[in-house]
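J.: Just dropping this structure here.
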Amino acid sequence: MTVMEQRGAYRPTPPPAWQPRTDPAPLLPDALPHRVLGTEAAERVDPELLRRLYAQLVRGRRYNAQATALTKQGRLAVYPSSTGQEACEVAAALVLEERDWLFPSYRDTLAAVARGLDPVQALTLLRGDWHTGYDPHEHRIAPLCTPLATQLPHAVGLAHAARLKGDDVVALALVGDGGTSEGDFHEALNFAAVWQAPVVFLVQNNGFAISVPLAKQTAAPSLAHKAVGYGMPGRLVDGNDAAAVHEVLSAAVAHARAGGGPTLVEAVTYRMEAHTNADDDKRYRGDSEVEAWRAHDPIALLEHELTERGLLDEAGMRAAREDAEAMAADLRERMNQDPALDPMDLFAHVYAQPTTQLLEQEAQLRAELDAEARHHEGGHESEGTAR
Amino acid sequence: MTTVAVKPATMAQALGRALRDAMADDPTVHVMGEDVGTLGGVFRVTDGLAKEFGEDRVTDTPLAEAGILGTAVGMAMYGLRPVVEMQFDAFAYPAFEQLISHVARMRNRTRGAMPLPITVRVPYGGGIGGVEHHSDSSEAYYIATPGLHVVTPATVADAYGLLRAAIASDDPVVFLEPKRLYWSKDTWNPDEPQAVDPIGRAVVRRHGRSATLITYGPSVPVCMEAAEAARAEGWDLEVVDLRSLVPFDDETVSASVRRTGRAVVVHESGGFGGPGGEIAARVTERCFHYLEAPVLRVAGFDIPYPPPMLERHHLPGVDRILDAVARLQWEAQS
Ligand SMILES: Cc1ncc(C[n+]2csc(CCOP(=O)(O)OP(=O)(O)O)c2C)c(N)n1
């Protein structure tokens, strides 16, 4: 007897006790990315917020340019620029309260800086003097994460732990469009939804994962749609519209803080520069595509809104540029000093208590360095810092 | 001996050529990974392949290492020979589940019915100034997993020959590419690249009588340099390039150590739990009565791979190798 022949044993539909948990409709993202600038909705936004966003965008753009220049001078090993994506970076930093946590990926130096991290400390990973040049607890910024999507489960765990402890803390995690294909992305979303963790996922869909366009990354109608299957709302937003990103993220953060659980936000933006300075984007995209996006520049969009409404004049723009210039000059100057490195630091933080093997290796290196120093004695200049 | 026209080529070019020739010879060979198509891979090893063979055979996959290797398993089950690229050493870790739980043991668990001829190309090792997660030497994890072959070339010719052999192998091969040698040039005859060595043979790169340096991959050129420098001390070092960690060529290694009576194992990955421990044990087991001194290891420190500005203190260099050679109780030998 087959299963089909056992009367009642096989049901084409589950028994009545089974209930779909949610109506997917409220979870589904809108068909078009949410926009604020240039619409009536913009009038409701606090002008002070718009001005703050503007100042940070201008700073961010300048920061990207300066960091890119530093790679050309050999001061940074590599820099993945977020030029074109500043609205996402800045909004991600500004929607969070001090007690909240940011989980950035390797491209999100700018979000960390906009959150208040010292620009030089934010660059140690990319300069190569240390992996993470700051104490994550100080600004509540997890280490810039290089393996893709692996920081997402961390964000979920932290947010969950905070809630268990009764703390009113939200975690915001950043990931790229490519990163949404990794298993860790899916596992993080599922955990977050099942635990109703106070976490917000922001996907910066900038069109490419190095050379691979979105169409080869997913067949979903949008990345925001992916939320629905896990049971959380997906929101689609124009990632170049700083006011819109801020609004959508604020709502998601508020929802999470109020116990409403996670949200997946997809911000549609564009990576204006190559993946990093080591990449040749001519191989996989044409100038015309880049030019078309240039007309949708996040700074220009906001500048237009502000000037149209008389919230910003020439003097205001100049002030923003001067502030950005001062930040860049300071960054340049401090990055042009050689970092003082102690090779013995190699052993400093492997364990709380170094193993006997490490103590032996430490002694070996110290002896080598002493020998090197003796060798350089008498006329020879010491080698100075490693570069 | 026939003379052939030799021209300089890089290891990256030789690897690309091996892929191309393998694909031309065998329609079941497929290349897949992140950015391997239009871009030609971040190291340009697969440059031009997508144009020549089309997207069905040279595929830019979604960004998911477990997915890349997991789908390769299914493709191999159905008769294809996937060659997958992991972009960097540390980014292969998401695929470990597939590698260890399935790729390595499918032949065994199916009593030989379902072998998986998959080649997993992994650029590995440091010395290129890469940021965190771009410099790991992960070979110890791979060699600890039964069912995998683990090979790593150190010369342009071997890069070609070993990759051809790996793709032709009916067993899964982890093909470790020393990324700091990608741009190293050798003279090599690309028009007659027929030297396809079977996997599992070490080669003596330099003959000597005083001691044997046993090494592989990125440390081979360092050992060659050390051997040259050692001449000033009156030491005549032999250098054995393993080329294959699994299978391990006990014969070539033992023969060398028996001749010289002294051995130092050199590699970049950490010494504790690293390949050097296994190699030293094997040498000791086989050559105990020939040894004039304990087998020494010169390895990377047992620390997470350091930031680039400090990596020169971590990587085994010529001085550290010569120090070890000096510690082989040298005076004992006349
Ligand atoms: C697990 C993992 N695999 C591969 C890489 C190599 N890699 C670095 S960035 C990148 C593309 C990422 O694209 P996306 O997630 O869209 O972010 P974007 O760079 O566009 O900001 C790749 C493949 C990595 N860092 N981690």
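The values are calculated or read from the model by the stated rules, or taken from the named source; none is laboratory data. All of these numbers come straight from a predicted model, not from anything done at the bench. Positions of Cβ are generated from backbone atoms using ideal geometry, with glycine treated the same way; all protein chains shown enter the neighbour counts. SASA here: full protein model, heavy atoms, side chains in, ligands and nucleic acids out. Shrake-Rupley method; radii C 1.70, N 1.55, O 1.52, S 1.80 Å.
One line per residue, one yes/no per condition, for (1) more than 14 Å from chain B (Cβ to nearest Cβ); (2) more than 14 Å from the ligand (Cβ to nearest atom); (3) touching a Lys or Arg at 6+ places or on another chain (Cβ under 8 Å):
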position	(1), (2), (3)
A:Asp46	yes, yes, no
A:Thr71	no, yes, no
A:Val90	yes, yes, no
A:Ala93	yes, yes, yes
A:Leu96	yes, yes, yes
A:Tyr106	no, no, no
A:Ala111	yes, no, no
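J.: Quick check on segment B:32-45. Is at least one of its residues on the phi > 0 side of the Ramachandran plot, open to solvent by 40 Å² or more (accessible area, probe 1.4 Å) and either within 14 Å of chain A (Cβ to nearest Cβ) or part of a loop (DSSP other than H, G, I, E, B) (or both)?
T.: Looking only at segment B:32-45, we keep the residues that are on the phi > 0 side of the Ramachandran plot, and these are B:33, B:35, B:40-41, B:44.
Within this subset, residues satisfying the condition of being open to solvent by 40 Å² or more (accessible area, probe 1.4 Å) are B:44.
Narrowing further to those that are either within 14 Å of chain A (Cβ to nearest Cβ) or part of a loop (DSSP other than H, G, I, E, B) (or both): B:44.
For segment B:32-45, residues on the phi > 0 side of the Ramachandran plot, open to solvent by 40 Å² or more (accessible area, probe 1.4 Å) and either within 14 Å of chain A (Cβ to nearest Cβ) or part of a loop (DSSP other than H, G, I, E, B) (or both): present.
J.: Among the residues in segment A:189-201, are any within 12 Å of chain B (Cβ to nearest Cβ) and modelled with pLDDT of 95 or more? Show your work before the answer.
T.: Of the residues in segment A:189-201, the ones within 12 Å of chain B (Cβ to nearest Cβ) are none.
No, every residue in segment A:189-201 fails to be within 12 Å of chain B (Cβ to nearest Cβ) and modelled with pLDDT of 95 or more.
J.: Which residues, taken from segment A:145-198, are open to solvent by 50 Å² or more (accessible area, probe 1.4 Å), over 17 Å from A:Cys88 (Cβ atoms) and outside any helix (DSSP H, G or I)?
T.: Of everything in segment A:145-198, those that are open to solvent by 50 Å² or more (accessible area, probe 1.4 Å), over 17 Å from A:Cys88 (Cβ atoms) and outside any helix (DSSP H, G or I) turn out to be A:Lys165, A:Gly166, A:Asp167, A:Asp168, A:Gln196.
J.: Return only the number of the condition from (1) within 15 Å of the ligand (Cβ to nearest atom); (2) part of a helix (DSSP H, G or I); (3) open to solvent by 20 Å² or more (accessible area, probe 1.4 Å) that A:Gln121 does not satisfy.
T.: Evaluating A:Gln121 over (1) within 15 Å of the ligand (Cβ to nearest atom); (2) part of a helix (DSSP H, G or I); (3) open to solvent by 20 Å² or more (accessible area, probe 1.4 Å) leaves (1) as the failure.
J.: Within segment A:215-232, count every residue that is within 13 Å of the ligand (Cβ to nearest atom) and open to solvent by less than 30 Å² (accessible area, probe 1.4 Å).
T.: Residues that pass the stated criteria total 3.
J.: Looking at (1) open to solvent by 10 Å² or more (accessible area, probe 1.4 Å); (2) closer than 30 Å to A:Glu333 by Cβ; (3) in contact (Cβ under 8 Å) with a residue 24 or more places away in the chain, which is the one condition that is false for A:Pro136?
T.: The single condition A:Pro136 does not satisfy is (3).
J.: All but one of (1) touching a Phe, Trp or Tyr at 6+ places or on another chain (Cβ under 9 Å); (2) assigned to a loop (DSSP other than H, G, I, E, B) hold for B:Ala157, so report the exception by its number.
T.: In the conditions (1) touching a Phe, Trp or Tyr at 6+ places or on another chain (Cβ under 9 Å); (2) assigned to a loop (DSSP other than H, G, I, E, B), B:Ala157 misses (2) alone.
J.: Can you tell me which residues in segment A:210-220 are part of a helix (DSSP H, G or I) and more than 30 Å from A:Val58 (Cβ to Cβ)? Full working, then the answer.
T.: At the first step, the residues of segment A:210-220 found to be part of a helix (DSSP H, G or I) are A:214-216.
Matches in segment A:210-220: A:Ala215, A:Lys216.
J.: In addition: Please verify whether segment A:221-233 includes one or more residues that are touching a strand residue (DSSP E or B) at 6+ places or on another chain (Cβ under 6 Å), basic (Lys, Arg) and either part of a loop (DSSP other than H, G, I, E, B) or assigned by the TED database to the domain that holds A:Gly157 (or both).
T.: No: zero hits.
J.: I'd like to check which strands (runs of 3 or more DSSP E) are fully inside segment B:167-217 and have at least 1 residues that are modelled with pLDDT under 90 and over 28 Å from B:Ala90 (Cα atoms).
T.: Values: elements: B:173-178, B:185-188, B:203-206, B:211-215.
Because the criterion is at least 1 residues that are modelled with pLDDT under 90 and over 28 Å from B:Ala90 (Cα atoms), the strands (runs of 3 or more DSSP E) in segment B:167-217 that meet it are B:185-188.
J.: Next up: What is the number of the single condition among (1) in contact with a helix residue (DSSP H, G or I) (Cβ under 7 Å, 6 or more places away or on another chain); (2) within 16 Å of the ligand (Cβ to nearest atom) that A:His160 does not meet?
T.: (2)
J.: I would also like to ask the following. Of A:Val199, A:Val212, which residue is in the same structural domain as A:Glu273 (by the TED database), more than 13 Å from the ligand (Cβ to nearest atom) and among the β-branched types (Val, Ile, Thr)?
T.: Numbers: A:Val212 fails: more than 13 Å from the ligand (Cβ to nearest atom).
Going through A:Val199, A:Val212 in turn, the sole match is A:Val199.
J.: Output the residues belonging to segment A:326-352 that are part of a loop (DSSP other than H, G, I, E, B) and within 14 Å of chain B (Cβ to nearest Cβ). Working first, answer last.
T.: The first filter runs over segment A:326-352 and keeps only residues part of a loop (DSSP other than H, G, I, E, B), leaving A:336-342, A:348-352.
Of everything in segment A:326-352, those that are part of a loop (DSSP other than H, G, I, E, B) and within 14 Å of chain B (Cβ to nearest Cβ) turn out to be A:Gln337, A:Asp338, A:Pro339, A:Ala340, A:Leu341, A:Asp342, A:Ala348, A:His349, A:Val350, A:Tyr351.
J.: Ok, one more. For A:Gln56, state whether it is away from the ligand (no atom under 16 Å from the Cβ) and polar (S, T, N, Q). Lay out the reasoning, then the answer.
T.: Working: away from the ligand (no atom under 16 Å from the Cβ): yes; polar (S, T, N, Q): yes.
Criteria met by A:Gln56.
J.: Hey, can you tell me all the residues within segment A:256-298 that are within 14 Å of chain B (Cβ to nearest Cβ), closer than 29 Å to B:Gly130 by Cβ and assigned to a loop (DSSP other than H, G, I, E, B)?
T.: A:Ala274, A:His275, A:Thr276, A:Asn277, A:Ala278, A:Asp279, A:Asp280, A:Tyr284, A:Arg285
J.: Something else about it: Based on this model, can you work out whether A:Ala320 counts as more than 11 Å from chain B (Cβ to nearest Cβ), out of contact with any Gly (no Cβ under 6 Å at 6 or more places or on another chain) and among the small types (Gly, Ala, Ser)?
T.: On the way: more than 11 Å from chain B (Cβ to nearest Cβ): yes; out of contact with any Gly (no Cβ under 6 Å at 6 or more places or on another chain): yes; among the small types (Gly, Ala, Ser): yes.
Here the answer is yes, as A:Ala320 does meet what is asked.
J.: Cβ-Cβ distance below 7 Å, separation of 6 or more or different chains: which pairs start in segment A:140-162 with a residue that is under 16 Å from B:Ala64 (Cα atoms) and end on one that is part of a loop (DSSP other than H, G, I, E, B) and of a type in the set (Gly, Ala, Ser)?
T.: The qualifying pairs are A:Gln151/A:Ala142.
J.: Output the number of the condition that B:Gly74 fails; it satisfies all remaining conditions of (1) facing another protein chain (nearest Cβ under 10 Å); (2) open to solvent by less than 40 Å² (accessible area, probe 1.4 Å); (3) over 23 Å from the mean Cα position of the chain (by Cα).
T.: Unmet condition: (1).
J.: To continue, here is another question. If the Cβ limit is 6 Å and pairs must be 6+ apart or interchain, which residue in segment B:308-320 that is without any contact (Cβ under 8 Å) to a residue 24 or more places away in the chain pairs with which residue that is open to solvent by 30 Å² or more (accessible area, probe 1.4 Å)?
T.: Note: pairs meeting the criteria are B:Met309/A:Leu341.
J.: When segment A:163-192 is examined, which residues are found to be touching a residue at least 40 places away in the same chain (Cβ under 8 Å) and either within 11 Å of the ligand (Cβ to nearest atom) or not assigned by the TED database to the domain that holds A:Asp118 (or both)?
T.: A:Leu174, A:Val175, A:Gly176, A:Asp177, A:Gly179, A:Thr180
J.: If you take the residues of segment B:82-128 that are of a type in the set (D, E, K, R) and at negative phi, which of them is farthest from the chain's Cα centre (by Cα)? Break it down into steps so the answer makes sense when it comes.
T.: Let us first name the residues in segment B:82-128 that are of a type in the set (D, E, K, R), namely B:85, B:89, B:97, B:105, B:107, B:109, B:111, B:121.
From what is left, the residues that are at negative phi are B:85, B:89, B:97, B:105, B:107, B:109, B:121.
Values: B:Glu85: 14, B:Asp89: 12, B:Glu97: 21, B:Arg105: 21, B:Arg107: 23, B:Arg109: 27, B:Arg121: 10 Å.
Ranking the qualifying residues of segment B:82-128, first place goes to B:Arg109.
J.: When A:Leu359 is evaluated against the numbered criteria (1) open to solvent by 60 Å² or more (accessible area, probe 1.4 Å); (2) touching a helix residue (DSSP H, G or I) at 6+ places or on another chain (Cβ under 7 Å); (3) among the aliphatic types (A, V, I, L, M), which criterion, by number, is the only one it fails?
T.: Failing condition for A:Leu359: (2).
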